[in-house]
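Peer 1: Take this structure first; my questions come after.
The values are calculated or read from the model by the stated rules, or taken from the named source; none is laboratory data. If you're wondering where the values come from, they're calculated on a predicted model, not measured in any experiment. For neighbour counting, all protein chains shown are included, and Cβ atoms are generated from backbone atoms with ideal geometry for every residue, glycine included. Just the protein is used for accessible areas: all its heavy atoms, side chains included, with ligands, DNA and RNA removed. Shrake-Rupley method; radii C 1.70, N 1.55, O 1.52, S 1.80 Å.
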Amino acid sequence: QVQLVESGGGLVQAGGSLRLSCAVSGRTFSSLAMGWFRQAPGKEREFVAAVSRSGTSIRYANSVKGRFTISRDNAKSTVYLQMNSLKPEDTAVYSCAAGNLAYVSVDTRSEQYDYWGQGTQVTVSS
């Protein structure tokens, strides 16, 4: 069983920063592509960022490009999402996902990811 444990969510003011972490166990981390998704109240889940197994391919949603950074540390079996210049519209439950994907794309559907974390709440106040 692959387990994903997220941490780092919280309440911040607009313009602030948060760093989300997702620790993976139960499978060789380097074999998994990793992605971050978010879902705000009343809205569908949307893609945020993804990184390939090798770490060489990275994709961002246009809404977060230039503000968020995804990275992975294979030695620690952890993927991160550094979020800077946060806006109230970034408020959502952020979920970490893992899958055996050969390539990551902004169009990769959430159904293509096999494993999910519990989600962590990010709230940005104005």
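Peer 1: Write down the accessible area per residue of the chain in Å², having rolled a 1.4 Å probe over the full set of protein chains.
Peer 2: Each residue of the chain exposes 50 Å² on average to a 1.4 Å probe.
Peer 1: Also, quick follow-up: For residue 43, what is the net charge nearby, where nearby means another residue's Cβ is under 13 Å from its Cβ and Lys, Arg count +1, Asp, Glu -1?
Peer 2: Residues close to residue 43 contribute a combined charge of -2.
Peer 1: If I model a spin label as a point 7 Å beyond the Cα along the Cα-Cβ vector, how far apart are those points for residue 102 and residue 87 in nm?
Peer 2: Those two pseudo-labels are separated by 3.6 nm.
Peer 1: List the trypsin sites (Lys or Arg not before Pro) within segment 58-95 that fall in a DSSP loop (any state other than H, G, I, E or B) and whose Cβ has at most 15 other Cβ atoms within 10 Å.
Peer 2: Answer by residue number: 65, 67, 76.
Peer 1: With each label point set 7 Å from Cα along the Cα-Cβ vector, what nm distance links residue 28 and residue 54?
Peer 2: 1.6 nm
Peer 1: To continue, here is another question. Roughly how many nanometres apart are two label points built 7 Å out from the Cα toward the Cβ at residue 74 and residue 123?
Peer 2: 3.9 nm
Peer 1: Percent relative contact order of segment 15-126, based on C-alpha pairs within less than 8 angstrom and at least six residues apart?
Peer 2: The value is 32 percent.
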